[in-house]
Each structure stands twice: as structure tokens, then as C-alpha cells.
Amino acid sequence: MATTKKSSWRDLSSAQAAVIAAALAVVPALITGITTSYVTYQSSITKAKEEVLGERDIRERLATQLPIRPGYAKHVYPQYGIGFIAPTAWIKDDAPVHYGIPDIDIVQRYTDQKAAIGVEFKLTQVQSNYVNDIVAEVRNQKDVWEKNDPKITVTDATLNGREAKLFHYTHSTGKRIGERRVYWVRLVPEIKLQLQGFTYTDEPDREEFWKEFDRIVESTVIDQELIDKKRRTAIQ
């Protein structure tokens, strides 16, 4: 009876052996790749959870600092570390926020000419040559707006306990004269919060509007811990 010789790795041709060796060499890399992907996935999940929890903490921290006032609603933006209250009847127009743009309008009403009477919160970059020269930044901005209103005023103010500048001026909008009050406050050397109110000088409720504006300004809170954290991340 003929017997079948069992094959062994010694009977493989050099080509076959090379294929098997290559396949075996891939296995560790494959295992490493799978392990790395899993670790990366877990890390991303952990980071996402931390961001959600962090944002929740900031939201609660800001909300608890805001005053409770009948007829007013709380507006909290934890991603920017800003919170304030405004009349409930006013319109929140903050679509840019959902695209990562820190520009928030709280509108008292829209006029027949489509103008918005209300308040704007906006984070803006400080021009690099002004980072260490606030005086020049304020002076040059005043020079620009002074062309619209030679009677413009710039006064020292505070916002949430921080030093601020308050511009007050009027300007033509065609048939009517607009009135603006603009706060500037440096959050970090490279970023400032611009908070401005706008109405018309001939509006019947002009005085009441500015009283509401002052209440909004006085209620504004800023989470400096978040602002500083973002700056540390940005300069790394």
C-alpha cells in the first residue's frame, strides 16, 4: 500500500514560504493597527464626554451668576464664556453661534426699514499692533467714528468688574439719526468683547431702551477661567 508523505514547511517552495512569511509579518501590524484605532476611538469618546461635561459646568456656573428678574430671560453661551439677561419679549438672533461665530443679537424690534433696534454681543480679534497698546486702539477708533459725530464721547467704564471703554455717538442712516453705545473690554490681550446697543434718536421709547440696555450690560457675566483656558490652548 502506498503511503502519503505528510507535508511540512520544509517541503514548501521558496515562493510559498515567502508568501507565508509576508502574511505572518502583517499580523502584528494588523493587531497594532486595530489596537491603536480602538485606543484612539476610546480617547475621542473620552474627550467628547469631557467637553460636554465641561460645557455643562460652565453653563451652570454662568447661569447661577445671572440675576433673576421678572420679564427677563437668561441667555448663556458656555462655548464663549458669556451670559446675560434680556427682556423675554426681545428676539434672540444668534444663528452665527451655531457655526462657531461669536456674534449674538438680541433685538427689541425690527423697523419698517428692516433695521434692528437692540443689542449685539461680539467677540473680535485685537489687531496685532494694538495688543500692547489699548490707548492707540481706542484713539484710532474714536478718530474713525468722530467723522460721523464730532461730539463722540469715550469714557472709562466697567463690565463684569473689568475695565472697559464706552463709546457714545450718533450717525446718519439716511433719513434718520442712529444712536450707538459701544463697550469694549479686553478678555485677553488678543481678544475683546464688543457689546453695543443701537436705536434711533427720534424713537418714542428711546430712553426706556437705554435703560434696558444698561440692565443687560449690568447683568453680563464672563467666565474668565474658560477664556484663559482657550488662550492657553491657542498659544500652545
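The values are calculated or read from the model by the stated rules, or taken from the named source; none is laboratory data. Remember, it's a predicted structure, so these values are computed and weren't measured experimentally. Cβ: placed from backbone, ideal geometry, glycine included. Neighbour counts: every protein chain shown.
Kindly evaluate Lys165 against the criterion of being basic (Lys, Arg), closer than 27 Å to Ala86 by Cα, modelled with pLDDT under 95 and under 22 Å from the mean Cα position of the chain (by Cα).
In short, no.
Search the stretch 224-236 for residues being surrounded by fewer than 16 Cβ atoms within 10 Å (Cβ to Cβ) and not charged (D, E, K, R), and hand back the single one that is nearest to Phe167 (Cα to Cα).
Looking at residues that are surrounded by fewer than 16 Cβ atoms within 10 Å (Cβ to Cβ) and not charged (D, E, K, R), I get Gln224.
I want to confirm something. Restricting to the stretch 23-77 and keeping residues that are under 31 Å from the mean Cα position of the chain (by Cα), of a type in the set (A, V, I, L, M, F, W, C) and modelled with pLDDT of 65 or more, which single residue is surrounded by the most Cβ atoms within 10 Å (Cβ to Cβ)?
This residue is Leu62.
Within the stretch 194-208, identify whether any single residue is closer than 28 Å to Glu60 by Cβ and of a type in the set (Asp, Glu), and answer yes or no.
For the stretch 194-208, residues closer than 28 Å to Glu60 by Cβ and of a type in the set (Asp, Glu): absent.
Tell me, which strands (runs of 3 or more DSSP E) lie completely within the stretch 64-149 with 2 or more residues that are under 16 Å from Gln194 (Cα atoms)?
The strands (runs of 3 or more DSSP E) meeting that bar are 82-87, 103-110, 116-125.
Test each condition in (1) surrounded by fewer than 13 Cβ atoms within 10 Å (Cβ to Cβ); (2) among the polar types (S, T, N, Q); (3) touching a residue at least 60 places away in the same chain (Cβ under 8 Å) for Gln127 and report the one that comes out false.
(3)
Tell me which strands (runs of 3 or more DSSP E) are completely within the stretch 162-223 and hold 2 or more residues being surrounded by fewer than 18 Cβ atoms within 10 Å (Cβ to Cβ), in contact with a Pro (Cβ under 7 Å, 6 or more places away or on another chain) and acidic (Asp, Glu), or say none if there are none.
none
Is it the case that some residue within the stretch 91-99 is crowded, with 19+ Cβ neighbours inside 10 Å, under 18 Å from Thr220 (Cα atoms) and touching a strand residue (DSSP E or B) at 6+ places or on another chain (Cβ under 8 Å)?
no
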